[in-house]
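The values are calculated or read from the model by the stated rules, or taken from the named source; none is laboratory data. Every value quoted in this text rests on a predicted model; they were computed, and no experiment measured them. Quick reminder, even Gly has a Cβ in these numbers, built from the backbone with ideal geometry, and neighbours come from all protein chains shown. Just so you know, the surface numbers come from the protein's heavy atoms only, side chains and all, with ligands and any DNA or RNA stripped out. Shrake-Rupley method; radii C 1.70, N 1.55, O 1.52, S 1.80 Å.
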Amino acid sequence: MKYLYPRPLILKVEPLSPSLPRVISDDKLSDNLYELLEGKIERLPWATIDGPADDSVDGILTFGHHAVTAAHMANFPQLKVVSNYGVGVDHIEVAAATELGISVGNTPDVLTSTTADMALTLMLAAARRVCEGDQYARCSEFKVFDPAYMLGTEVHHQTVGIIGLGRIGYQIARRCAAFDMEILYHKRTQLADNPDQLNLTYTSLEELLNRSDFVIVICPLTDETTGLIGTQQLAAMKNSAVLVNVARGPVVSTEALTVALREKQIYAAGLDVTDPEPLPRDHELLTLDNVTITPHLGSATMQTRRKMAELTVVNLMLGLAREPLVHSVS
Ligand code: 8YV
């Protein structure tokens, strides 16, 4: 097995005890991850999380699609660590974990550039009508090239507004700078660190929405950001603007966005996340041409998922050994 993390780290987390730690694991986690855990833990099915109290559970291995609540954690008095395969921890009650002395690990950094690439992919795809074009190029009506069909909207030299300029947001900004875009951003506090000296303008949310040709949402999902983009905010955007969401579905109101796209209050949207996820199969949003939707693929490359798996395993094993995690949010 070839590891991407330094060997000493891996050695440090080999289990010492003859009886394997018992870890409730999401059944959908990748084989990559379970390969790395072979012989290190005893896997308990995900359903255990809703079962009776159990003092033999040592860890929880999860990813961003099932809640890990205070009540779950309190049910397992020996629980030492919740290791999350992903950076977003909005599905985990972190404050409760901290109170209970449980470490919560996540996987930032390794997926930053990959997720930024996805934001650009959706921005370009929505603006240049890539999915519509793909469908048309395959269908029988496509007999002759027509210079008037499927005109999209320009990306380069336009203004982009990034909501949430953390690690991923900054990498999105770097990519937009290469497209000669004017870059606005909004976040809770102004950026302290700008290592690439990018030309970034901090604005209020309202000004960002008014001025941007592209609005990219990449803030964490919190009580404050739930429903951040609703009817009023969509109305503040230009009719020619494109909205991209690579954060979490509930940051944007699905209902308001459906109306805005149907009524052409905005030009298009590119969504890697939706609320709910997936949308009901008969949802109107899925019938509209001016929305491009991907099924939560932000970090989905073979290389990045491999690194995420390694980091998740390292965090888990360190937590089980009651040692500080490589990345911890608790
Ligand atoms: C993944 C993500 O969807 O890291 C996150 O927060 O949203 C993504 O990388 C995921 O959690 C892994 O399945």
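Worth pointing out:
- Loop-located GluC sites (Glu not before Pro) across region 217-309 with a Cβ neighbour count of 16 or fewer within 10 Å are E224, E263, with loop assigned by DSSP.
- When each of the peptides 210-216, 238-244 is scored by how many other beta carbons lie within 10 Å of its residues on average, the order from highest to lowest is 210-216, 238-244.
- Cut-off 12 Å between beta-carbons: net charge of the residues surrounding A119, Lys and Arg +1, Asp and Glu -1: 0
- For E182, residues with placed amide H under 5 Å, excluding near neighbours: Q158, T159, V160
- Region 138-208: trypsin sites (Lys or Arg not before Pro) in DSSP loop, at most 15 other beta carbons within 10 Å: K143, R188
- Restricting the calculation to Cα atoms, region 112-293 shows an Rg/Rh of 0.97 when the hydrodynamic-style radius is the Kirkwood one.
- Spatial separation of Cα centroids for region 235-266 and region 112-163, in angstrom: 17
- Debye, to nearest 20: dipole size of region 112-293, +1 on Lys, Arg Cβ, -1 on Asp, Glu Cβ: 200
- Taking amide H as placed 1.01 Å from N in the peptide plane, the amide H of R22 sits under 5 Å from that of E42, D58, G59, each at least 5 places away or on another chain.
- Extreme residue, positive dipole direction of region 178-278, given options I183, S212, P195 (C-beta unit charges): S212
- Taking a ≥ b ≥ c as the square roots of the eigenvalues of the alpha-carbon gyration tensor, the chain is classed prolate because a/c is 1.5 or more and a/b outweighs b/c.
- Solvent-accessible area assigned to carbon and sulfur over the chain amounts to 52 percent, based on a 1.4 Å probe.
- Span-like helix criteria (full DSSP H runs; alpha carbon extent of at least 24 Å along the helix axis; mean Kyte-Doolittle hydropathy of at least -1.0) are satisfied in the chain by 302-320.
- By the helix-only formula, in which each DSSP H run with n ≥ 4 contributes -39500 (n - 2.57) and the sum is divided by residues, the chain has a 222 nm mean residue ellipticity of -9000 deg cm²/dmol.
- Binning all Cα-Cα separations of region 233-319 at 5 Å, short to long from zero, yields these whole-percent fractions: 3, 13, 21, 19, 13, 9, 7, 7, 5, 2, 0.
- Residue-normalised accessible area of the chain, expressed per residue, 1.4 Å probe, Å²: 49
- About the centre of its Cα atoms, the chain shows a dipole size close to 720 debye [charges on the beta carbon of Lys, Arg (+1) and Asp, Glu (-1) only; nearest 20 debye].
- DSSP bridge analysis restricted to the chain gives an antiparallel fraction near 5%, rounded to the nearest 5.
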